[in-house]
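Shown next, in structure tokens, is the structure this report addresses.
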Amino acid sequence: MRIAEVMTSDVAVVRPRDSIRHAAQRMDDLNIGSLPVCDGKRLVGMITDRDITVRVTAAGLDPENTAVSDAMSQDVRWCWADDDVEEVSELMGEAQVRRVPVINADKQLVGMVSLGDLSTKHAPGAAETLEEVSTPSVPDRSGRET
């Protein structure tokens with residue numbers, strides 16, 4: 001089974017220059033916790049509700065005047081539309097991520113695949129991926145800034 005068979009293809013996005021407030025409003029309107037960040041159709045990052053909380057609010061930054069690019073994660077795990085579902089499930093479990101952008105050969109966003117997509121489509125390995133993603137990670141208590 002290929003990712004294209006289970007992914008969601010109509011994906012809302014934000015732009016790198018959009019304000020954090022705009023991204024938060026989109027998440028609220030759509031009842032979601034993350035959005036791909038695209039420059040045109042090219043995937044350049046992801047912004048999550050946690051990014052907004054930790055990188056913007058905790059730092060005391062103004063959400064109206066802080067750009068999405070200042071808080072987004074640039075090191076994004078992604079997959080190809082023709083990737084095998086089991087391989088992507090393993091990637092999600094190892095990285096402990098609940099959703100992965102799906103791109104084409106031009107690095108243009110064509111969809112998103114989530115644990116929910118895998119589960120509702122009865123994709124192989126979905127149960128194992130859920131268990132791996134849900135395993136608590138050890139908090140960083142080193143005191144170092146990241």
| query | What number of residues in region 98-123 are part of a loop (DSSP other than H, G, I, E, B) and either open to solvent by 40 Å² or more (accessible area, probe 1.4 Å) or in contact with a Leu (Cβ under 8 Å, 6 or more places away or on another chain) (or both)? | reply | 7
| message | If I filter region 32-57 down to residues being open to solvent by 60 Å² or more (accessible area, probe 1.4 Å) and over 14 Å from the mean Cα position of the chain (by Cα), which single residue comes out as farthest from V102 (Cα to Cα)? | response | T57
| query | For D29, which of the numbered conditions (1) out of contact with any strand residue (DSSP E or B) (no Cβ under 8 Å at 6 or more places or on another chain); (2) buried (at least 20 other Cβ atoms within 10 Å of the Cβ); (3) modelled with pLDDT of 95 or more fails to hold? | reply | (2)
| Can you tell me which residues in region 47-74 are under 24 Å from D10 (Cα atoms) and either without any contact (Cβ under 8 Å) to a residue 24 or more places away in the chain or touching a Leu at 6+ places or on another chain (Cβ under 7 Å) (or both)? | I47, R50, D51
| remark: Among S69, S89, the single one that is part of a helix (DSSP H, G or I), under 19 Å from the mean Cα position of the chain (by Cα) and at pLDDT 95 or above is S69
| task | Would you check if there is a residue in region 6-20 being part of a helix (DSSP H, G or I) and open to solvent by 80 Å² or more (accessible area, probe 1.4 Å)? | result | no
| Does region 23-39 hold any residues that are in contact (Cβ under 8 Å) with a residue 24 or more places away in the chain and not hydrophobic (A, V, I, L, M, F, W, C), and which are they? | S34, P36, D39
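The values are calculated or read from the model by the stated rules, or taken from the named source; none is laboratory data. Owing to the predicted nature of the structure, the values given are computational and were not obtained by experimental measurement. Reconstructed Cβ throughout: ideal geometry from the backbone, glycine too, with neighbour counts over all protein chains shown. The protein model used for the area step is the full one, side chains on, heavy atoms only, and it has no ligands, DNA or RNA in it. Shrake-Rupley method; radii C 1.70, N 1.55, O 1.52, S 1.80 Å.
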